[in-house]
1. Stokes-Einstein at 20 °C, 1.002 mPa s, Kirkwood radius from Cα pairs: D for the chain in µm² s⁻¹?
2. Please find the FRET efficiency linking Tyr92 to Leu116, where r is the Cβ-Cβ separation and R0 is fixed at 22 Å, and quote it to the nearest 0.05.
3. Got a sec? Charge dipole of the chain, +1 on Cβ for Lys and Arg, -1 for Asp and Glu; which of Leu188, Pro11, Leu60 is way out at the positive end?
4. Which value, in debye to the nearest 20, describes the size of the charge dipole of the chain about its Cα centre when Lys and Arg Cβ atoms bear +1, Asp and Glu Cβ atoms bear -1, and nothing else is charged?
5. Relative contact order for the range 49-193: what percent, with Cα pairs under 8 Å and sequence separation of 6 or more?
6. How much solvent-accessible surface does Ser82 expose, in Å² to the nearest 10, with a 1.4 Å probe and all protein chains in place?
7. Calculate what fraction, in whole %, of the accessible area of the chain sits on carbon and sulfur atoms when a 1.4 Å probe is rolled over the protein chains.
8. Applying the Karplus parametrisation 6.51 cos²θ - 1.76 cosθ + 1.60 with θ = phi - 60° to the phi angles of the range 58-70, what ³J(HN,Hα) value in whole Hz is obtained for each residue in order, glycine and proline being reported as x?
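The values are calculated or read from the model by the stated rules, or taken from the named source; none is laboratory data. Everything numeric in this text was worked out from a predicted model, so none of it was measured. Cβ atoms come from the backbone with ideal geometry, glycine included; neighbour counts cover every protein chain shown. These accessible areas exclude ligands, DNA and RNA; they are computed on the full protein's heavy atoms, side chains included. Shrake-Rupley method; radii C 1.70, N 1.55, O 1.52, S 1.80 Å.
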Amino acid sequence: MTTKDDGRLRPFLIPVLGTLGAILITVVVFSLTYSTRPGIFFHNILSDESFRPVFMQIRLPRTVIAFLVGGALAMCGVALQSILRNPLAEPYTLGISGGASLGVAVAVVTGLADYLGPYGNPLLGFAGALVSMAIVYGLSKRRLFDPATMILFGIVTNLVFSSFVFLFVSLMDPDRVQGTLMWLMGDLSTLEP
């Protein structure tokens with residue numbers, strides 16, 4: 001679908017992008033100044049020698065990685081929407097996130113996460129996402145890869161895998177539930193630069 005650019009949106013483009021940029025900078029500053037006021041934070045950065053390593057080795061790397069991960073996820077969403085030509089396409093509606101969550105839950109319940117070390121959860125999450133996409137791909141193949149049908153199969157796959165995740169969380173050792181749920185929600189507290 002092509003649209004004619006008649007220039008009606010151009011006057012609003014610069015103020016909207018400027019406002020979004022200001023909001024982004026504000027969010028980054030507040031995420032770096034977690035639990036302190038910005039004035040105290042900047043004073044600590046400039047004068048407190050014990051605060052600088054915490055900032056440089058923990059807060060700043062986590063903020064940068066969260067920013068990069070968010071950008072990568074946004075690019076993946078745009079790629080999925082472009083490939084399927086459907087604005088509803090995203091990792092949740094295609095079952096990718098449900099498969100990845102199930103992979104992580106299986107890793108924790110079976111102990112593979114401990115056996116594989118720090119790469120256990122990401123590897124099995126990626127494997128679960130691949131299995132999920134293979135299922136959606138196989139089901140959609142029968143319908144000639146219609147984007148709407150593919151999204152519906154993805155939603156069903158996501159719901160089934162999410163049900164298994166809840167089952168595994170209920171069977172999991174109570175000491176591991178908190179860490180697993182935090183990891184599934186995108187926790188970066190265990191990140192080591």
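1. In µm²/s, the coefficient rounds to 108.
2. 0.30
3. Pro11
4. Here the size comes out at about 640 debye.
5. Averaging sequence separation for qualifying contacts and normalising by length gives 29 percent for the range 49-193.
6. Counting only protein heavy atoms, Ser82 exposes about 80 Å² to solvent.
7. 71
8. Karplus-based 3J(HN,Hα) across the range 58-70 equals 10, 5, 5, x, 5, 5, 5, 5, 4, 5, 5, 5, x Hz.
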